[in-house]
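Worksheet for the structure shown next.
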Amino acid sequence: MARYTGPKTKKSRAFGESLFGFDKAFDKRKYPPGQHGNNRRRKQASDYKLQLMEKQKAKYTYGILERQFRNLFDKASAKGGVTGEVLLQFLESRLDNTVFRLGIAPTRRAARQLVSHKHILVNGVLTNIPSYSLRPGDVVSVRGKSKNLEVISNSISSKATSSWGWLQWNPERQEGSFLEYPEREAIPEKINEQLIVELYSK
């Protein structure tokens, strides 16, 4: 299954923010990577570089590779509405991202692994495709045999009290509902989707 397997901290330092969740090494060195560290003189970034970096940031944040990201962008372009906002809505509706948002897994990578290893159900049906696109009304739950897994129970017990407006979580049944596609202002990721649209429109 295609996924990014390279260095995480180095990528986070290049973008100036932690893209893969909490990272102790990133907190120590938040400046860009390179031989001369923070003392290196850096040229002003071109428009193309800014657009490319924004696309790369979105890809690494949601854990998908180029072909899949391009296909998702084409799908967003074909749908009515603001292309950039629709793209982020599609990214947020992915099954692995929703498992992460619900607090079933501590990171998106962990959520992807839970889905791939057949611990997650969608509408009562075992689903092991991380890129599965949820629709409003879909119910995501933990498989019965998997509810006692340490990684799941620890993540749920440490789940923050804040919730996402487009999701509803039932702690007793360990299941959550995907209520609707989120509005752009509700998505917390610091991504300038307009730059991605401009890049692909060249």
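Laboratory data are not the source of any read-out in this text; all were calculated from the coordinates shown. Model, not experiment: these values are computed from the prediction. Neighbour counts are summed over all protein chains in view; Cβ atoms, including those assigned to glycine, are modelled from backbone coordinates with ideal geometry.
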Beyond 27 Å between alpha-carbons counts as too far, so tell me which of K59/K202; K59/K147; K75/K190 fall in that bin.
K59/K147
Please compute the alpha carbon radius of gyration of the stretch 87-202, then divide it by the globular-protein estimate 2.2 N^0.38 Å. Two decimals is fine.
1.08
Among A111, V142, V122, the residue whose Cα sits farthest towards the positive end of the charge dipole of the stretch 94-180, when +1 is placed on the Cβ of each Lys and Arg and -1 on the Cβ of each Asp and Glu, is A111
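Would you mind ranking K159, K79 so that the residue whose beta carbon has the fewest other beta carbons within 10 Å leads the list? All intermediate terms of the calculation are to be shown ahead of the outcome.
On the way: K159 15, K79 12.
Least crowded to most crowded, the residues run K79, K159.
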